[in-house]
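*Asks:* Starting off with a structure, shown below.
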Amino acid sequence: MSNKSTDEIAKESLKSLSNGKQISIAINPAVALRETQSSSSDNASSNSSAQSVAINSPGSNHHVQNNDELNILRSLLLGVEPTALNKLYERLENPQIQAEDISRLLPEAVVLRSKQDKQLGEAIVTTVETALQNSIQQDQNRLSETFFPIIGPATRKAISTALEEMLQSLNQTLEHSLSPQSLQWRLEAKKTGKSFAEIILLRTLVYRVEQVFLIHRNTGLLLQHLIAPQVTTQDPDLVSAMLTAIQDFVRDSFSIGTEDGLQSLQFGELTIWIEEGPQAVLAAIIRGKPPQELRLTLKDALEKIHLRLSSEMNNFVGDTEPFITSKPYLEACLAEGYKSPPKKNYIYAWGFLGTIAIACSVWGFLTIREQFRWYSYIQKLESQPGIVVVNTEQRQGKHFISGMRDPLAVDPKKLIQLANINPKSVIGQWQPYISLDPQLITLRSEKLLQPPKTVTLKVDENGILNASGAAPRQWISQSRNLWRFIPGVTQFNDNNLQDIALIQLESYKQQIEQEMLFFSEGTTELIAGEVNKLPNLAIKINQLLDIAQSLNKNVSLQISGHTSTTGTEQINNLLSQARANKILAELTAQGINSSKLKTEGLGDTALSSQPELAPADNRRVTFRVLITDTSQLKQPQ
């Protein structure tokens, strides 16, 4: 068999099978098989084509008999055993076997495709979104538990990013607000009539994609349109039609093929970049000078749109709603770039802000303190008797206050000084009036009556003037007449007021009656030191007599002599009388009116209360003052 070719063997086999009958051979090129022969000629013949052979004989009764010969012929022509060929047919016709094969190859195929480009990820976006929606509808807790470990770090990262953006914005604000360049831009804005924001944009902007158009290539209709914030635009359908007309004009005028076209247009400060795909055109209107990397962004967005919306674009008949899903890709094209100024030192700006902050803090502190002091002053002023505050206001840095004030009320200027307020900053207008406040009525009574220091005046809520203490008779008499001229006083009460002369009279009476003069035993001679008491005693007696005379009172001084128990009663009576007469003579010699003096001898009848001192104490002279009340004043008890 190795010396014959496959064709020769096949011919011999066919001759032996046909026996002169016609045989038809049908070749199916859809199945690729290889004949595995050891020789090189056999390998070349088997690799040239992949065929399946079916042999049909008109005589069906010979088919069973020649089954072995047919199997031999198949194996010779195709190089495959009948059992292997049957297995191949079964694999092709059984979907379950194909699914198992694909499941083994799919992971490796996904990995290899992901390494080549990102089209696989874009292609399964819709499938993944649908799967997530179905999962959420079926069980919300499953996804929440899955994402829980990453929510915390994601939140912290978002906060950190927001803080960084805020600091960057603050730095830009400081640079645009406090730098000399910003002042120059403000002057330029004022001269040109443009806003400060427009001047900043013109001076710092490198490029900005202001509009993005997604246009259907075959019809030239607008599929989707996005614009950057704060950008004014014309009708996007007109712009789309204009771009399509320009493209057609360029192709017709310069004999350019359909695969080529216009890539960029320049209109003053605006540049239009155009990227064409098989089914759609992406056009971006750019202000400034964009980098070439932006074109890669446009191409990438267009490829993703073709990958996701290819069937929608093929079947496009005017409905643009399916192309809303292209917005995320178009939004990625709305890029912008700004000049990165050299890093500057903002110490002067921070210093300036710090100075302003300190100045504002000091000003605020002083203002608050001044207001607090002013309110405290007003409250204290309103609490003063005799002052009524009608109006307070502040004008041109000064405080104005007006009201009514009793002349006896406290001076508002003193309260201003106590409140640590500059008197020059306060202008007061006070109208005089008579206050009926008890405290001020008391002051008014003291000013009119001028009481001595021993007298206390106080007006109660009913207007009754109460006088207490001790005063001369003349003052008491005058007060009883003058109180009616005091505004606000309805009655004068002097029940607690005593005549000071009566008090003095009683005081001298007690002092004199406490005096005792002691004598030697059995004689009328004073013991040593007792004589020195007589002058002081005489002064007290004279003062007592003078006060009594001023009070129209009669005074008599009773001098009583005493003796000890030694001696007879007669002798003691005579001796005690003699001792009393002795003191009478001494007081008369001191200038005392003898008519006011009386003597008596008591002998030993009035003994001392202290028995151990009885002999010495009983040899004495005592005094008793007798006052006869002849005036209307009641004698003190």
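*Asks:* Could you tally the net charge around Tyr377, taking each other residue with its Cβ under 12 Å from the Cβ of Tyr377, Lys/Arg +1 and Asp/Glu -1?
*Replies:* +2
*Asks:* Please list the radius of gyration and Dmax for region 438-501, considering alpha-carbon atoms only, with Å as the unit.
*Replies:* Just the Cα atoms of region 438-501 yield Rg and Dmax of 10.5, 32 Å.
*Asks:* Could you work out how much longer the chain between Tyr375 and Arg186 gets when fully extended? Use 0.36 nm per residue separation minus the Cα distance between them, nm to one decimal.
*Replies:* 63.6 nm
*Asks:* Where does each of Leu353, Leu505 land when they are ranked from fewest to most other beta-carbon atoms within 10 angstrom?
*Replies:* Starting with the residue having the fewest Cβ neighbours, the order is Leu353, Leu505.
*Asks:* How many nm is it between the label spots at Phe400 and Glu269, if each spot is 7 Å from the Cα in line with the beta carbon?
*Replies:* Using points 7 Å along Cα→Cβ, the separation is 5.4 nm.
*Asks:* Please sort 390-396, 310-316 by packing, taking for each peptide the average over its residues of neighbouring beta carbons within 10 angstrom, highest first.
*Replies:* Those peptides, ordered most packed to least, come out 310-316, 390-396.
*Asks:* How much length is gained on full extension from Thr325 to Thr367, taking 0.36 nm per residue of separation minus their Cα-Cα distance?
*Replies:* 9.1 nm
*Asks:* Send over the semi-axes of region 348-432's equivalent ellipsoid, whole angstrom and largest first, taken as the square roots of 5 times the C-alpha gyration tensor eigenvalues.
*Replies:* Equivalent ellipsoid of region 348-432: 35, 11, 9 Å, largest first.
*Asks:* So which of Lys380/Lys453; Lys424/Lys447; Lys509/Lys540; Lys289/Lys339; Lys304/Lys327 end up more than 20 Å apart by C-alpha?
*Replies:* Lys380/Lys453; Lys424/Lys447
*Asks:* Taking H placed 1.01 Å from N in the peptide plane, check which residues at least 5 places from Leu517 or on another chain put their amide H under 5 Å from its amide H.
*Replies:* Amide H to amide H, under 5 Å and 5 or more residues apart or across chains, Leu517 pairs with Val621.
*Asks:* Using the Karplus equation 6.51 cos²θ - 1.76 cosθ + 1.60 (θ = phi - 60°), what ³J(HN,Hα) coupling, rounded to whole Hz, does each residue of region 324-333 give in order, writing x for Gly and Pro?
*Replies:* 5, 5, 7, 4, x, 6, 6, 5, 5, 7
*Asks:* Could you work out how much longer the chain between Leu205 and Asp546 gets when fully extended? Use 0.36 nm per residue separation minus the Cα distance between them, nm to one decimal.
*Replies:* 111.3 nm
*Asks:* Quick check on packing: order 464-476, 100-112 by the mean number of other C-beta atoms within 10 Å, highest mean leading.
*Replies:* Packing proxy ranking, top to bottom: 464-476, 100-112.
Rule-based calculations on the coordinates, nothing more; no lab input. Remember, it's a predicted structure, so these values are computed and weren't measured experimentally. Counting neighbours? That spans all protein chains shown, and the Cβs are built from the backbone with ideal geometry, glycine included.
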